[in-house]
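Reading through the structure tokens given below for one structure.
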Number of protein chains: 4
Amino acid sequence: MTNTQVTLVQIDNYGPWTVTPEPRREADLQTMQSRLYADISQFVGNRDGYTFFTRFDNMIAVTNGLTMADHELLQESVGNRYPVTLSLGVATGTSPVQALSDATTVVQDAGSAQDEDRRECLEGRTIDDPHRTDDDVQIAHFDVVDATGQYTDELNAFDSFIQIEQGYAELMRHMRHAHDSLSFFVGGDNVIVVCPDLEADDYEEAIGHVETAVDVELQVGVGRGSSAHDAGFAAKHALEVCRADGTRVELAW
Amino acid sequence: MTNTQVTLVQIDNYGPWTVTPEPRREADLQTMQSRLYADISQFVGNRDGYTFFTRFDNMIAVTNGLTMADHELLQESVGNRYPVTLSLGVATGTSPVQALSDATTVVQDAGSAQDEDRRECLEGRTIDDPHRTDDDVQIAHFDVVDATGQYTDELNAFDSFIQIEQGYAELMRHMRHAHDSLSFFVGGDNVIVVCPDLEADDYEEAIGHVETAVDVELQVGVGRGSSAHDAGFAAKHALEVCRADGTRVELAW
Amino acid sequence: MTNTQVTLVQIDNYGPWTVTPEPRREADLQTMQSRLYADISQFVGNRDGYTFFTRFDNMIAVTNGLTMADHELLQESVGNRYPVTLSLGVATGTSPVQALSDATTVVQDAGSAQDEDRRECLEGRTIDDPHRTDDDVQIAHFDVVDATGQYTDELNAFDSFIQIEQGYAELMRHMRHAHDSLSFFVGGDNVIVVCPDLEADDYEEAIGHVETAVDVELQVGVGRGSSAHDAGFAAKHALEVCRADGTRVELAW
Amino acid sequence: MTNTQVTLVQIDNYGPWTVTPEPRREADLQTMQSRLYADISQFVGNRDGYTFFTRFDNMIAVTNGLTMADHELLQESVGNRYPVTLSLGVATGTSPVQALSDATTVVQDAGSAQDEDRRECLEGRTIDDPHRTDDDVQIAHFDVVDATGQYTDELNAFDSFIQIEQGYAELMRHMRHAHDSLSFFVGGDNVIVVCPDLEADDYEEAIGHVETAVDVELQVGVGRGSSAHDAGFAAKHALEVCRADGTRVELAW
């Protein structure tokens, strides 16, 4: 049974900061926030977690294996190097959606995202090492069947983006409501989904749903592991099997 | 009349690279591509352009004011510092969608995005200085009315993201098909739209459409200028007026 | 007794790469190598190690607490994100100079720094957790007495740099030959020295030597710990005591 | 005749910031300052200037071709993305040492480097476009003859660094006092020197001096141009001739 540890990363008071004392150059904001994301991705990633940029001012990470001390160090390190600070909420559970919901609640309880006095709060709890297991995390890695041939080389860059984006948005909503899963666009035509215990049927159903709804054909590799990296790496290998064999759903186990 | 200069930035042969010789660590890919985007955003941005991460493997930039020599330097600099290279297509026109379409075509004509032999191609043409005018670029900066109060502090982080994402996706499709405009999510609850000559009515209509379709309430500031920064900066100031006065559409001119 | 774990970080075949196929833009090389250093510093640093940029193509790190698996992950992560790769040699010992010498030997034995076939070699061994102690690492943090008042605000920027550089170079040579220690300039007027078991007398002697030789007045805080960060953090606090009390040598223990 | 435009880049109130409210993690400071340097190097470099990290809290740049507006934009962009701000002094002249001295004076006149109230000052003046010429900048690029064979592959990493560092320090002092030139270590065994009008004889003399004083054998390529990049690129190509032909001094003109 999965036990996903989810961290909500929220930049403190970011909206007001971007327009104080007057609006800041957009390119600087874009540069700053994507580098901040990159740094968090690297910190979490080299501890075998995954971080998703989501809205950039609110990022979501799967942090099985990271302790509260790791989270504290991340806050300190960002505070030492950026003009903004982070608040973090951590929660765990069999349902990724519920875990994120709990992580959100502990941060919201500490104050509004735009409260000037709420800075660098760190709330929640992690899974202790002895309780970690090899199937705590289940990751599904989707991509679009022949995206380069069908979209990138055929449509203009924006229309192929709209096409892919529609597939992603539909998948995101469906996986959330039908399967308690969190889906994230990670670039190109790739979507990574953090799942509870789902089986091949569930993925078949989801792919069918997206194809019917928005006519985008997906394939998926799925992996399990004690960390996001372990599960996700297995999923990536499984997806390579889809690409090689022309199958639609491959489970790594 | 607008004359938008659009650059399509495409990472050469990126998909295959990410899985050669075997799949690379996802966190490294995320870090690499968001830093690459940040660097391009900074290079283009401190020449008064805007860059949007879009799919990360295909980025779209508004580059009025940048010459072909600037584009070449960007390619050289990225080639010197990253494990990947860039191909660039540049085109101009009164319709941003048409300009992007042309920029895409010149890159596609040079070879597939996954062609091993197509590397660092640079195609197209820019607007010469004497032909630049103060209303070449029109930028609309949208955000969600009271997103923090309605979503960030109320819903869990993912559901508020879904909510905002739906508003964005609907706006993106509508602005593309009804108004020949390119819309980009830029973080938080912000969407930047690159427009042809549109008037207040068009923005009212678009906001109404999104509210009807997905029940997300938007406001927008719009600016014009000889560059994306000039137009976008005016748009940001106009959006501040919306926030202060509770209006829905503010034009800076 | 100290037991310093030293890692030599060597960029593979860097010199030839910088001029292949022809010399690369200097600013790109400077950007690339300082970002690479920053990344290594962050990776090692958030595992409580210290990394020194030294020559940039050869960096030296104090890595007590990092395993061989950590070293391997660093190599993989850099290889995924940079156009160059790293070879690493690790060694331990009571003398930092001897440890570095051993770390160098294992890398040199694997091939020349400019051998095209030597890539990503990882050699040597780390200290197992059960053998780590609270005084494995001794760090001395030196700075120049009133550098801002005497140099930065008085001399031109280059002459104050020459002055500080002379103090640093003299300290570096002296600490290496008289005290088996490794000294590194870390910016401003700060020098960090990785030491074997030295006592207050040794530091008094070194400060006296530098003052006599090149007329630069130094002060120093010294700390011990199981990691570079623990030792170095204690040293920084001790140096704050020098600054507050006007003393020249402060030991944290 | 040369007319070098030199910019002194000073981080405002940096020393106090690094220990407020208590000493910050060294690895974070190292990461932050080397990334800040990398960003400045990139901004200046893609406008054909050179930036040297020098002390990191005080950096020196050759900025021929950059306007005061460019300098202002650099300040704004750094202020938007870092927890620290920059003050800049700009001056020009036939002697690089004198230009730097003047650039330093204008910043010092604005207040102490550790004055809390001196923030983001921008002083001095640049060379107007009509007055720029093709020999405004003269750059000499030195390296150590067969550094890899003699030092990197033979000595331990620290002793080869000491060896190279001694050559560099001697060259730096000599070029400053005998030839009004500014020398900067740029990594590996490379030193870049910003010179007034010097001839082959001067470089022969300097190489002889360093060999006599500290027994380090140098070679040098020298170039001229309207910008640091143009001059430096010619110097790098000239240095390639030294490497190929075994000569010691090559002028590109």
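The values are calculated or read from the model by the stated rules, or taken from the named source; none is laboratory data. Keep in mind that what you see is a predicted model, and the values were worked out from it rather than measured. We place every Cβ from the backbone using ideal geometry, glycine too, and count neighbours over all the protein chains shown. Ligands, DNA and RNA are stripped out before the accessible areas are found, and what is left, the full protein with its side chains, is counted by its heavy atoms. Shrake-Rupley method; radii C 1.70, N 1.55, O 1.52, S 1.80 Å.
A few points about this structure:
- Think of it as helices only: each DSSP H run of n ≥ 4 in chain D is worth -39500 (n - 2.57), and spread over all residues that comes to -14000 deg cm²/dmol at 222 nm.
- If R0 is 22 Å, the Cβ-Cβ spacing of A:Glu22 and D:Glu116 corresponds to a FRET efficiency of close to 0.45.
- Surrounding net charge for C:Glu205, when Lys and Arg each add one and Asp and Glu each subtract one, Cβ distance under 12 Å: -4
- Ranking C:Thr18, C:Ala244, C:Thr92 by Cα position along the charge dipole of chain C, where only Lys, Arg, Asp and Glu carry charges on their C-beta atoms, puts C:Thr18 farthest toward the positive end.
- Ranked by how many other beta carbons lie within 10 Å on average, peptides C:34-47, D:202-215 from highest: C:34-47, D:202-215
- Convex hull volume of the stretch B:188-253 per residue (C-alpha atoms, cubic angstrom): 91
- Here the Gaussian network model covers chain D, with springs between Cα atoms less than 10 Å apart; of D:Asp115, D:Asp180, D:Asp197, D:Asp115 fluctuates the most.
- Under 13 Å, Cβ to Cβ, from B:Val97 - net charge with Lys/Arg +1 and Asp/Glu -1: -1
- Signed unit charges on C-beta, dipole axis of chain A, positive-most listed residue A:Trp253, A:Phe185, A:Val144: A:Phe185
- For D:Asp215, label point 7 Å along C-beta direction: distances to other copies, nm: 2.9, 8.0, 8.4
- If you look at the Cα atoms of the protein assembly as shown, you get an Rg and a Dmax of 28.3, 83 Å.
- Calculated label separations, D:Ala200, copies of the chain, 7 Å along the beta-carbon direction, nm: 6.2, 7.5, 7.8
- In whole angstrom, the stretch C:1-139 maps to an equivalent ellipsoid with semi-axes of 27, 15, 13, each derived as √(5λ) from the alpha carbon gyration tensor and ordered largest first.
- Rounded Å value of the spacing that divides the Cα centres of the stretch A:15-36 and the stretch B:170-213: 22
- On a per residue basis, chain C carries 32 Å² of accessible surface, using protein heavy atoms and a 1.4 Å probe.
- Overall shape of the stretch B:138-253 was characterised from the C-alpha gyration tensor. The equivalent ellipsoid obtained from it has semi-axes of 22, 15, 12 Å, in decreasing order.
- Volume of the Cα convex hull of the stretch B:59-153, divided per residue and given in Å³: 164
- Overall shape: prolate for the stretch A:1-83, with the ratio a/c of the largest to smallest alpha carbon gyration tensor axis at 1.5 or above and a/b above b/c.
- On the rotation that sends chain A to chain D, the chain A Cβ lying closest to the axis gives residue and distance in whole Å as A:Pro83, 3.
- With 10 Å bins from 0: P(r) over the stretch A:98-167, alpha-carbon pairs, percent: 14, 23, 17, 27, 18, 0
- With Rh defined as the Kirkwood radius, the inverse of the mean 1/r over Cα pairs, the Rg/Rh of chain B is 0.99.
- Angle in degrees between helix C:228-245 and the longest Cα principal axis of chain C, rounded to the nearest 10: 20
- With label points defined 7 Å past Cα in the direction of Cβ, position B:Asp115 shows copy-to-copy spacings of 4.0, 5.8, 6.1 nm, given to one decimal and shortest first.
- Dipole magnitude of the stretch A:1-76, debye to nearest 20 (Cβ charges: Lys/Arg +1, Asp/Glu -1, about Cα centre): 200
- Lys, Arg +1 and Asp, Glu -1 on Cβ, resulting dipole of the protein assembly as shown about Cα centre, debye, nearest 20: 0
- Student exercise, the stretch B:6-161 dipole from Lys, Arg, Asp, Glu Cβ charges, in Debye to nearest 20: 340
- Sequence-separation-based contact order of chain A, relative, with Cα cut under 8 Å and 6+ spacing, percent: 22
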